[in-house]
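**Student:** Let me give you the structure first, and then I'll get to my questions.
Read-outs: derived from the displayed coordinates by stated rules, not from any lab. What you see is a predicted model; the values in this text were computed from it and never measured. Quick reminder, even Gly has a Cβ in these numbers, built from the backbone with ideal geometry, and neighbours come from all protein chains shown.
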Amino acid sequence: MHSFGYRANAVVTFAVTILAVTCAMVSLSDNFNSPSPTADVKVLNINWFQKQPNGNDEVSLTLNISADLSSLFTWNTKQVFVFVAAEYETPQNALNQGNNLRGKDYNMTLHWHIMPKTGKMFADKIVMTGYYLPQDYK
Amino acid sequence: MDWQGQKRAETLMQILLVVFAVAALGIGYTLASFQTMMLIYAGGVVLTALITVPNWPFFNRHHLKWLDPSEAEKHPKPQVNVPTTTKKKSSKNKQ
């Protein structure tokens, strides 16, 4: 600590190290938060339901999505990435295979990714069951 | 800075930075504001740098004690034997 430059370097290096430790603690504090979001997805209209040339079925839905995601946000939340996925089972794949979907039942799953300002990202989902595709193509 | 001063500066720097980090974390968490935490810590780093980096007089209170000249004369510096000079001397003597 015998010169200006030496002490300046010591202050900056120690400050940055402590900052890294502080950020780790901030990220750990996110584990105390238990998120409890609610969501409701209504299918207002099935716009079309057709067989594509390559053999897969295609569906266009109009949805009304209402969700309360306020419990996901903490002081360390930068942004929350949310999306809805329609998921179903077929004999070949447990999840999502593209053809012969007339009359099929499917789930609407609301996924979210909580992106932090610093530290670990948490991702989870809610599964809502009981949706059905029409019996015929339209 | 003298030796004691350097020690003081280092200890002061460590304590100040840790205290500011803990305070920033605590206040930021309670107010649920990440920005507040970062601002408090940044302010703390600047303050710490202002206190511990420049050569303030308060770090020069314990002056180095150089040896008194009369005392130094009683303990002369040891002579180093250089081979080349003695060789030259002996050749001069022979002539």
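**Student:** Across the stretch A:20-43, what is the number of residues that are more than 7 Å from chain B (Cβ to nearest Cβ) and either out of contact with any Leu (no Cβ under 9 Å at 6 or more places or on another chain) or of a type in the set (G, A, S) (or both)?
**Tutor:** 13
**Student:** So for the stretch A:106-124 (the condition being over 23 Å from the mean Cα position of the chain (by Cα) and touching a residue at least 12 places away in the same chain (Cβ under 8 Å)), does at least one residue qualify?
**Tutor:** So far as the stretch A:106-124 goes, no, none of its residues is over 23 Å from the mean Cα position of the chain (by Cα) and touching a residue at least 12 places away in the same chain (Cβ under 8 Å).
**Student:** Does the stretch B:55-69 contain at least one residue that is touching a Gly at 6+ places or on another chain (Cβ under 6 Å), in contact (Cβ under 8 Å) with a residue 40 or more places away in the chain and of a type in the set (S, T, N, Q)?
**Tutor:** Yes.
**Student:** Let me ask another. Quick one: which residue in A:T109, A:T38, A:T90, A:T74 is under 30 Å from A:V21 (Cβ atoms), surrounded by 11 or more Cβ atoms within 10 Å (Cβ to Cβ) and of a type outside the set (F, W, Y)?
**Tutor:** After ruling out the rest, the residue left standing is A:T74.
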